[in-house]
Amino acid sequence: MFKAAGPTEITRARRLRRDATESEKRLWWKLRELKPLGYHFRRQSPFQNYTLDFVEHDAKLVVELDGEQHGKTAHREHDEKRDAVLASQGYLTLRLWNSEINDNLDGCVERVFRELQQRSPTRSATRFDLPRKGEVKKASRPLPRRGLRRLV
């Protein structure tokens with residue numbers, strides 16, 4: 001059953017949003033570009049006893065960014081337990097490494113987008129598909145600040 005977040009979880013989530021890593025900031029800017037397609041992500045969202053890096057509740061998709069500390073045994077065990085709790089609620093956890101975000105941000109966002117399409121096919125329209133590799137798609141709106149290109 002869903003448990004409402006208490007003041008401690010909310011304070012922690014606010015602090016994590018304020019002190020986001022560079023990888024989290026970069027991914028957040030890209031995930032926000034999926035909003036015109038009908039997908040709404042929340043970042044550092046309290047859920048039960050956990051704080052989820054990014055979550056799209058309608059599609060029940062969680063995107064977690066992992067740094068090198070997640071390769072250690074204690075973190076792996078914690079992540080597995082957390083993933084099992086989320087899976088019991090119908091959520092899928094998609095784990096991305098910080099190095100993947102730094103090396104191939106567009107590929108990571110495409111992977112997230114494809115997973116969203118599989119989990120909620122009624123919301124995804126083919127005219128909004130991401131461009132294929134090497135294909136350039138003209139932006140329908142002005143380009144956002146910081147030089148990021150739009151997905152639509």
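The values are calculated or read from the model by the stated rules, or taken from the named source; none is laboratory data. Predicted, not measured: the structure shown is a model, and the values here were computed from it. Positions of Cβ are backbone-derived with ideal geometry, glycine not excepted, and every protein chain shown enters the neighbour counts.
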Just a yes or no: is a residue in the range 65-86 surrounded by 14 or more Cβ atoms within 10 Å (Cβ to Cβ) and part of a strand (DSSP E or B)?
yes
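Here is a yes/no grid of residues against (1) over 28 Å from R14 (Cα atoms); (2) modelled with pLDDT of 90 or more; (3) touching a strand residue (DSSP E or B) at 6+ places or on another chain (Cβ under 6 Å):
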position	(1), (2), (3)
V55	no, yes, yes
L65	no, yes, yes
E68	no, no, no
E77	no, no, no
G90	no, yes, no
C108	no, yes, yes
R127	yes, no, no
Among the residues of the range 21-37, the number that are surrounded by 15 or more Cβ atoms within 10 Å (Cβ to Cβ), without any contact (Cβ under 8 Å) to a residue 40 or more places away in the chain and more than 17 Å from E100 (Cβ to Cβ) is 1
